[in-house]
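Quick notes on the structure that follows.
The values are calculated or read from the model by the stated rules, or taken from the named source; none is laboratory data. None of these values were measured; they are calculated from a predicted model. Note that each Cβ is placed from the backbone with ideal geometry, even for glycine, and that neighbours are counted across all protein chains shown.
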Amino acid sequence: MTKSQTKQRINKLKSEINYHRHLYHVLDKQKISDSALDSLKGSLFKLEKKYPDLITKDSPTQRVSGKPLDKFKKTKHFSQMLSLNDAFDFKELQEWENRLKKVILKKFDFFCELKIDGLAVSLIYKNGIFIRGATRGDGKIGENVTQNLKTIQSLPLKLQKNINCEIRGEVYITKTNFKKFAKKYANPRNLAAGSIRQLNPKIAASRKLDFTAYDILQDLEHNKKHEYLKKLGFKTDQGKFCKNLAQVFSFYKKIKKQRKKLNYHIDGLVVSVNNYKLFKKLGIVGKAPKGSIALKFPGKEAVTRIKNIKVQIGRTGALTPVAILEPVNLGGAIIRRATLHNKDEIERLDARIGDTVILQRAGDVIPKIIKVLKNLRPKKTEKFKMPKIASAKKQSLIRKRRLYHFVSKKAFNIDGLGPKIVDQLLTNNLIYDFDDLFALKHDALIKLERFEKKSAQNLISAIKDRSEILLSRFIYALGIYQVGEESAIDLANYFGSLQNLEKADLENLEKISDIGPIMAKSIYDFFQNKKNTKTLDKLLKYVKIKNPVKIKQKLLGKTFVFTGELETLTRDQAKNKIRNLSGNVSNNISKNTDYLVVGKNPGSKHEKAKKLNIKILHEKEFIKKFS
């Protein structure tokens with residue numbers, strides 16, 4: 001054969017091998033025997049050995065190739081790999097839907113898919129050829145595991161279409177293959193994750209991993225994405241389009257019954273808003289998309305005993321009680337400790353040292369104490385009391401953590417002021433609380449070790465540069481329990497100023513999307529605490545807060561509800577008018593509603609508003625009154 005003929009033969013062999021690989025590993029069909037397929041691969045290998053310059057990245061012979069690596073290289077994801085928030089029952093699923101309805105004011109459908117218990121990865125294809133694969137990592141940066149991913153037979157090295165795309169999917173090991181390793185590994189997920197991170201791809205290949213795709217980063221509805229993934233040559237799970245939550249929960253119960261019959265482990269469903277535009281509009285909170293949620297199966301449970309209760313100090317200085325447990329195997333993992341969250345949770349459970357408790361791995365992952373078996377309680381146990389005043393050492397640590405958080409990147413982000421400098425300033429009694437940072441003097445700093453005239457001036461200047469700060473960053477910097485970066489942004493946008501937030505009651509706080517009763521109480525309690533208000537008063541002598549927008553407070557404290565189709569404005573434009581005047585928008589009519597704005601073809605809210613004597617405004621009246 002000439003080289004040209006050899007090239008044609010190689011291409012035909014690759015196509016034939018990939019065809020049978022797809023039949024067997026993706027579609028569970030077989031048209032030729034294993035030995036016949038091995039023979040085809042052998043023929044291809046010989047030709048490529050003769051003409052190594054004809055070897056391409058998508059060749060089946062390249063699935064196990066290359067020397068073992070010294071270490072994995074870090075790689076940045078083109079688009080952040082997100083995680084999911086969880087729901088554990090239908091009530092929590094409904095609460096999620098209610099939060100969505102605060103943003104989406106029209107009917108929307110759902111798409112459900114199985115949540116395979118494996119390792120999430122990202123795949124990059126260029127002109128249909130697989131060129132790079134990476135683990136999730138922290139969502140922004142993962143590890144390049146391309147060599148090992150190539151060993152997975154169900155992962156196509158060449159797509160059915162020559163396109164550029166990014167695919168997301170799950171690497172896992174089937175129950176059948178896991179049986180061979182069950183004595184060495186606690187669970188299939190650990191084995192899959194460990195295998196994909198082997199430096200030698202031959203070891204990864206020996207584990208016979210599998211791959212199922214669940215997303216392609218394109219502007220398509222979720223159900224259309226699954227159809228397209230199949231056309232490209234990927235294995236997908238049995239997703240289902242659902243018109244409402246009743247259908248979602250029906251599918252959940254069906255899969256729950258079938259769970260044991262599947263040849264791979266799943267820990268629930270992923271439920272998503274099917275419409276891509278609506279899904280995108282909902283956005284992201286923290287590292288999770290608002291438009292998707294993991295509906296988990298009931299967690300596995302085990303009984304163990306509380307050996308001790310210790311109090312830990314969190315990143316913001318908050319005290320968190322932690323139960324130290326007698327080690328217990330739960331869902332394949334040895335559990336030795338579980339958080340008791342806060343004072344309220346300890347009191348609700350009445351958890352004590354020596355108690356026998358039921359431990360649940362909520363969502364098969366996070367250990368949680370769900371019940372105290374009080375009949376097994378030893379005599380003379382005492383109620384646990386959260387320390388009112390910590391020891392001097394603990395107080396010092398709390399102060400350090402609060403200050404570390406205050407100057408951190410997502411808070412005040414003071415250049416050159418990290419934990420080491422904070423420690424030095426505390427040790428030398430130059431600072432005690434937040435406001436002391438802004439009162440630092442050059443003469444005091446140059447007396448410290450490693451500080452010279454220039455470095456002291458640089459720090460003073462860096463602190464001064466941060467004396468004006470966005471409201472959202474200021475709220476985050478305060479270290480309010482449970483308030484993260486995203487929640488701080490929501491609070492800033494909703495209230496518009498610190499003064500409005502300080503005056504907010506629980507009811508008002510809970511009107512904000514994704515702020516539930518626990519977080520609302522934490523925020524409310526923070527601003528009711530006299531010690532905190534004194535800290536704020538001192539801090540505000542040095543700091544100027546930049547509010548999100550300059551808004552008139554014409555509608556402060558007033559709540560609006562909309563019904564019907566607006567003709568002059570979009571619903572979002574109308575809402576923004578209200579928010580720009582410090583008003584609130586709700587989806588539901590109640591005795592707390594001040595105005596109902598009525599559009600074309602109003603719904604049942606119109607009648608309900610009449611019964612409650614709520615002021616009704618038609619669209620033109622609304623525009624005239626509040627423009």
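Here Glu97 qualifies as surrounded by fewer than 23 Cβ atoms within 10 Å (Cβ to Cβ), touching a Leu at 6+ places or on another chain (Cβ under 9 Å), assigned to a helix (DSSP H, G or I) and of a type in the set (D, E, K, R). How many residues, within region 485-525, are among the aromatic types (Phe, Trp, Tyr) and farther than 13 Å from Phe474 by Cβ? Residues meeting the conditions: 2.
In region 584-603, which residue that is small (Gly, Ala, Ser) and either touching a Phe, Trp or Tyr at 6+ places or on another chain (Cβ under 6 Å) or in contact (Cβ under 8 Å) with a residue 40 or more places away in the chain (or both) is nearest to Ile512 (Cα to Cα)? Per the criteria, the residue is Ser586. Of all the criteria given as (1) outside the structural domain of Glu507 (by TED's automatic domain parsing); (2) surrounded by fewer than 16 Cβ atoms within 10 Å (Cβ to Cβ), the one not satisfied by Asn584 is (2).
Answer yes if at least one residue in region 224-231 is hydroxyl-bearing (Ser, Thr, Tyr), surrounded by 13 or more Cβ atoms within 10 Å (Cβ to Cβ) and farther than 15 Å from Gln160 by Cβ, and no otherwise. Within region 224-231, not a single residue is hydroxyl-bearing (Ser, Thr, Tyr), surrounded by 13 or more Cβ atoms within 10 Å (Cβ to Cβ) and farther than 15 Å from Gln160 by Cβ.
Taking the options Asp537, Asp572, name whichever one is of a type in the set (Asp, Glu), assigned by TED's automatic domain parsing to the domain that holds Lys511 and either outside any loop (DSSP other than H, G, I, E, B) or surrounded by fewer than 16 Cβ atoms within 10 Å (Cβ to Cβ) (or both). Just one listed residue meets the conditions, Asp537. Say whether the condition of being buried (at least 16 other Cβ atoms within 10 Å of the Cβ), among the hydroxyl-bearing types (Ser, Thr, Tyr), at pLDDT below 90 and farther than 30 Å from Asn576 by Cβ is met by at least one residue in region 415-438. Checked region 415-438: no residue is buried (at least 16 other Cβ atoms within 10 Å of the Cβ), among the hydroxyl-bearing types (Ser, Thr, Tyr), at pLDDT below 90 and farther than 30 Å from Asn576 by Cβ.
Scanning region 282-303 for residues that are in contact with a strand residue (DSSP E or B) (Cβ under 9 Å, 6 or more places away or on another chain) and either among the charged types (D, E, K, R) or modelled with pLDDT of 90 or more (or both) turns up Leu282, Gly283, Pro289, Lys290, Gly291, Ser292, Ile293, Ala294, Leu295, Lys296, Lys300, Glu301.
Conditions (1) in a strand (DSSP E or B); (2) small (Gly, Ala, Ser), marked per residue:
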{"site": "Ile163", "(1), (2)": "no, no"}
{"site": "Gly169", "(1), (2)": "yes, yes"}
{"site": "Ala205", "(1), (2)": "no, yes"}
{"site": "Lys208", "(1), (2)": "no, no"}
{"site": "Leu220", "(1), (2)": "no, no"}
{"site": "His226", "(1), (2)": "no, no"}
{"site": "Lys235", "(1), (2)": "no, no"}
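Taking first residues from region 114-133 that are at positive phi and of a type outside the set (D, E, K, R) and partners that are part of a strand (DSSP E or B) and surrounded by fewer than 23 Cβ atoms within 10 Å (Cβ to Cβ), the Cβ contacts under 8 Å between residues at least 6 apart in sequence or on separate chains come to Gly128/Lys158. Test Asp28 against the stated conditions and say whether it is surrounded by 15 or more Cβ atoms within 10 Å (Cβ to Cβ), of a type in the set (Asp, Glu) and at pLDDT below 85. So Asp28 fails the test. Based on what the data block shows, is Leu159 modelled with pLDDT under 90 and either buried (at least 19 other Cβ atoms within 10 Å of the Cβ) or aliphatic (A, V, I, L, M) (or both)? Here the answer is no, as Leu159 does not meet what is asked.
For region 540-558, a residue qualifies if it is outside any loop (DSSP other than H, G, I, E, B) and crowded, with 16+ Cβ neighbours inside 10 Å, and exactly one does: Ile545. Only one entry of Lys91, Lys67, Lys76 meets the criterion of being closer than 28 Å to Tyr172 by Cα, surrounded by fewer than 11 Cβ atoms within 10 Å (Cβ to Cβ) and modelled with pLDDT of 85 or more, and that entry is Lys76. Among the residues of region 174-186 satisfying the criterion of being part of a loop (DSSP other than H, G, I, E, B) and of a type in the set (Lys, Arg), which is surrounded by the fewest Cβ atoms within 10 Å (Cβ to Cβ)? Checked region 174-186; the qualifying residue surrounded by the fewest Cβ atoms within 10 Å (Cβ to Cβ) is Lys183. Selection within region 187-213: residues that are out of contact with any helix residue (DSSP H, G or I) (no Cβ under 7 Å at 6 or more places or on another chain), in contact (Cβ under 8 Å) with a residue 24 or more places away in the chain and closer than 25 Å to Asn329 by Cβ. The member of this set that is surrounded by the most Cβ atoms within 10 Å (Cβ to Cβ) is Ala192.
Looking at region 415-517, the helices (runs of 4 or more DSSP H) lying wholly inside it that each contain 3 or more residues that are under 30 Å from the mean Cα position of the chain (by Cα) and among the aliphatic types (A, V, I, L, M) sit at 471-477, 485-495. For region 554-576, the criterion of being within 20 Å of Ala504 (Cβ to Cβ), among the aromatic types (Phe, Trp, Tyr) and touching a residue at least 24 places away in the same chain (Cβ under 8 Å) is satisfied by at least one residue. Restricting Val328, Val322, Val357 to those that are at pLDDT 85 or above, surrounded by 15 or more Cβ atoms within 10 Å (Cβ to Cβ), more than 26 Å from the chain's Cα centre (by Cα) and not assigned by TED's automatic domain parsing to the domain that holds Ala182 reduces the list to Val357. Residues that are under 19 Å from Lys71 (Cα atoms) and assigned to a loop (DSSP other than H, G, I, E, B) within region 187-203 comprise Arg197, Gln198, Leu199, Asn200, listed in sequence order. Set side by side, the residues Gln238, Gln258, Gln247 differ, and just one is surrounded by fewer than 19 Cβ atoms within 10 Å (Cβ to Cβ) and within 24 Å of the chain's Cα centre (by Cα), which is Gln238. Those residues that are surrounded by fewer than 16 Cβ atoms within 10 Å (Cβ to Cβ) and assigned to a loop (DSSP other than H, G, I, E, B), I need them from region 559-569; list them, please. Those that are surrounded by fewer than 16 Cβ atoms within 10 Å (Cβ to Cβ) and assigned to a loop (DSSP other than H, G, I, E, B): Glu567, Thr568.
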